[in-house]
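K.L.:
Please read through the structure below; I'll follow up with questions.
The values are calculated or read from the model by the stated rules, or taken from the named source; none is laboratory data. What you are looking at is a predicted structure, and each value in this text was computed from that prediction instead of being measured. For neighbour counting, all protein chains shown are included, and Cβ atoms are generated from backbone atoms with ideal geometry for every residue, glycine included. Side chains included, ligands, DNA and RNA excluded: accessible areas come from the protein's heavy atoms. Shrake-Rupley method; radii C 1.70, N 1.55, O 1.52, S 1.80 Å.
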Amino acid sequence: MKLKNIIILGAATVALTACDDLFKPALENNLEIDQMYNDPTFARGILDNAFLLLPYDASPNTDVATDDAVSNDATNDYKRMALGNWASDMNPVSQWNSRYHAIQYCNLFLENCDQVLWDYSSESLNQMHKDLYKGQAYALRGLQLFYLLRAHAGMVGGQLMGVPIHLASEDASSDFNLPRNTFKECVDQIMADFDEALKYLPQKYGDVSAEEVPAKYKQLGADDAEYNRAFGNMQRGKIDGRMIAAFKAQVAIFAASPAYESAGAATWEQAAQYAAASLQNAGGVSGIDPTGWKWFSNKTFIDGFGFTDPDPAEICWRGTVGENHNLEADFYPPSLYGKGRLNPTQNLVDAFPMANGYPITAAASGYNANDPYAGRDPRLQEYILVNGATQGVNATPINTAADATTLDGLNRENGRSTTTGYYLRKLLRDDVNLDPSSTTDKKHFGARIRYTEIFLDYAEAANEAAGPRANVGGANYSAYDVIKAIRQRAGVGGTDDPYLEECAASKDKMRELIRNERRLELCFENHRFWDLRRWKANLTETARGVNITTNTAGSLVFKPFDVEPRNYQDYMYYGPIPYSEIIKWSNLQQNDGWK
């Protein structure tokens, strides 16, 4: 088997190539797979491809396909999807090719990694590096299969089916006409890969003293210097035991949800248990990060963050910490030289309660429709740019009104201005300057998994398993305790939080509150699209905005209006198998409803 490295030559290099070379057979840059046995850099490169294919996205793309956001870009695929163009041959959320490519890399690596000479200097270092990369490969294979399953599992003739499981690398002689495994078989395989990874990986990376070197490596002669080279501070950011615990919680809450529960792959109690096990690494509910709800704007920490530094308490797994202005260029309003691409909806704005904890529809909330942003949940203006708020390095007031005189007003400029009356604030740095004459870049901390997500997983599972106030899964706290902690840190509900107390008397009301808190805390982090489907919730709520004008008395008038329909069918709780695969393989069955 050969792996081809494609080298793209620059124009200058081509210009210097001798003419005779054009008429001679070129040497192909092909490397046999056994090249990795004596070249650990090449071996790591195979595994790195599986890392590079991870589907984490720093940009809130899938939110545009939900009731939380609208795009002002008429060509946006997620917008087209929400408007009724989602099909098996037009699927922006398809994971089929990328996930299977990544799984192929993992399988190639696992089949050959034991033969790699990872380190010439000592037996112990060779074994530790082998364990490090083997553990990564198993964890990655499980994670890639999870994202493949989430995108393509579905009902086939009344049975919940998964995807074909590939546990060996493929070549030209492989049988590609494989039937789908059941949903439960897929979940079981994912969890088995995670368990296998845990045999090789530490709970967390970090430098240790000589006394802390694990016995299995001491027996091989490893000292602390060698151990720290393999599993020390320099490895932070790679998958470890803490991250795998979070992966398991994510898989379990997914499998226990209404759309997938018929497969019997996980119960609510098991989901709570997995989440509780993950949250032990965060210190339980008492360890919740007080500023975790606005981790993206902790500028002092982010600017000083080094590659080997510990992550903040909110972050279970981080992505890249890059210095750029990409998000701001896409999402700042046009007066700040941005494209204003993602416009939060009035639907989402209305989901934020008042600071006293009551929904704006409750009589006790104190909500004033003529001053709709006053006295609200602090997360509202931390996550969404409302009319009159400021943004950018010069704290520029942004006027989103329909009668605004700037480009930031409602529908003022096609393709750049807001279509809902709101702009995005979450994820953005307010000290980025996009002025072409003085553009600045700033560091951004990419969060792949926040512990807040796992806290919300626990709250949902515990409430479904045993009600609002029960401790479930070995935890010494309840769904009620989690939601109270999350709301209090954001400044919602006060000391007593009377609305939470009302909800704590009913599993149904607590479910509604937990789902709403999840919507708020995780907005614009690509969760809503998948949550609505696993809950079998309403997919067709029309996306709304607000038209703001000034009346003759000089007062602002706020009128909600419909912006975009959401056109989904019931079978779209599950995504399709790609049409190109269905027409190729007779044993591959499509999900019900899709063509």
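K.L.:
Note the angle between two axes, namely the Cα long axis of helix 507-521 and the longest principal axis of the Cα atoms of the chain, as a number of degrees from 0 to 90, rounded to the nearest 10.
P.N.:
In the chain, helix 507-521 runs at an angle near 80 degrees to the longest axis.
K.L.:
Could you tell me how many degrees, from 0 to 90 and to the nearest 10, lie between the Cα long axis of helix 451-466 and the main elongation axis, the longest principal axis, of the Cα atoms of the chain?
P.N.:
Value to nearest ten degrees: 80.
K.L.:
By accessible area of protein heavy atoms, probe 1.4 Å, what ranking do Ile33, Ile398 get, highest first?
P.N.:
Details: Ile33 25, Ile398 0 Å².
In descending accessible area the options line up as Ile33, Ile398.
K.L.:
Which peptide among 83-95, 242-254, 56-68 comes first, and what is the full order, when sorted by highest mean count of other Cβ atoms within 10 Å? Intermediate results must be reported in sequence, preceding the final value.
P.N.:
Working: 83-95: 16.7, 242-254: 24.3, 56-68: 21.7.
With the highest mean Cβ count within 10 Å placed first, the list reads 242-254, 56-68, 83-95.
K.L.:
Rank His166, His101 by accessible area, highest first, at a 1.4 Å probe radius? If you can, show how the numbers build up before the last one.
P.N.:
Numbers: His166 35, His101 105 Å².
So the residues, ranked largest to smallest area, are His101, His166.
K.L.:
With all protein chains present, calculate the accessible area of His325 using a 1.4 Å probe and round the result to the nearest 10 Å².
P.N.:
Roll a 1.4 Å probe over it and His325 shows about 50 Å².
K.L.:
Moving on to the next point. Under 14 Å from the Cβ of Leu434, count the other residues' Cβ atoms, weight Lys and Arg +1, Asp and Glu -1, and hand me the total.
P.N.:
Values: positive: Lys339, Arg341, Arg416, Arg429, Lys442; negative: Glu328, Asp330, Asp408, Asp430, Asp431, Asp435, Asp441.
Overall, the nearby charge balance is -2.
K.L.:
At 222 nm, what helix-only mean residue ellipticity would the chain give, in deg cm²/dmol to the nearest 500, using -39500 (n - 2.57) for each DSSP H run of four or more? Please report the intermediate quantities before stating the final value.
P.N.:
On the way: 20 runs with 208 residues, N = 595.
Dividing the helical sum by the residues of the chain leaves -10500 deg cm²/dmol.
K.L.:
Continuing with the same structure: Distance between Cα centroids, region 114-167 to region 319-354: provide it in whole Å.
P.N.:
The two parts, judged by their Cα centres, are 35 Å apart.
K.L.:
What span do the alpha-carbon atoms of the chain cover on each of the three principal axes, reported in whole Å from largest to smallest?
P.N.:
Largest first, the chain extends 80, 68, 55 Å along its Cα principal axes.
K.L.:
Turning to a different aspect of this structure: For helix 241-256, report the angle its Cα long axis makes with the longest principal axis of the Cα atoms of the chain; keep it between 0 and 90° and round to the nearest 10°.
P.N.:
Helix 241-256 and the main axis of the chain meet at about 60 degrees.
K.L.:
Quick check on region 439-595: take the gyration tensor over C-alpha atoms, sort the square-rooted eigenvalues as a ≥ b ≥ c, and tell me if it's rounded (a/c under 1.5), prolate or oblate. Intermediate values should be presented prior to the final figure.
P.N.:
Values: a/c = 1.72, a/b = 1.13, b/c = 1.52.
Oblate, because a/c is 1.5 or more while a/b does not exceed b/c.
K.L.:
If DNA, RNA and ligands are ignored and the probe is 1.4 Å, what is the ranking of Lys339, Lys426, Lys484 by accessible area, most exposed first? Intermediate results must be reported in sequence, preceding the final value.
P.N.:
Details: Lys339 90, Lys426 0, Lys484 50 Å².
Ranking Lys339, Lys426, Lys484 by accessible area, largest first, yields Lys339, Lys484, Lys426.
K.L.:
Another one. Determine the gain in length on full extension of the stretch Ala362-Thr540; use 0.36 nm per residue of separation and subtract their C-alpha separation, reporting nm with one decimal.
P.N.:
Computed gain between Ala362 and Thr540 is 61.7 nm.
K.L.:
Rounded to the nearest 0.05, what FRET efficiency is calculated for Asp224 and Thr41 with R0 set to 25 Å and r the Cβ-Cβ distance?
P.N.:
Values: r = 25 Å, r/R0 = 1.01.
After rounding, the FRET efficiency stands at 0.50.
K.L.:
As a test question: what accessible area, to the nearest 10 Å², does Thr420 have when a 1.4 Å probe is rolled over all protein chains in place?
P.N.:
Approximately 0 Å² of Thr420 is accessible to the 1.4 Å probe.
K.L.:
Here's something else I'd like to know. Between Ser506 and Ala172, what is the label-point separation in nm under the 7 Å Cα-to-beta-carbon projection?
P.N.:
The two pseudo-label positions are separated by 6.6 nm.
K.L.:
Points 7 angstrom from Cα along the Cβ direction at Tyr373 and Leu83: gap in nanometres?
P.N.:
The answer from the label model is 2.8 nm.
K.L.:
Moving on. Between region 573-592 and region 422-497, what is the C-alpha centre distance in whole Å?
P.N.:
Distance between centres, Cα-based: 36 Å.
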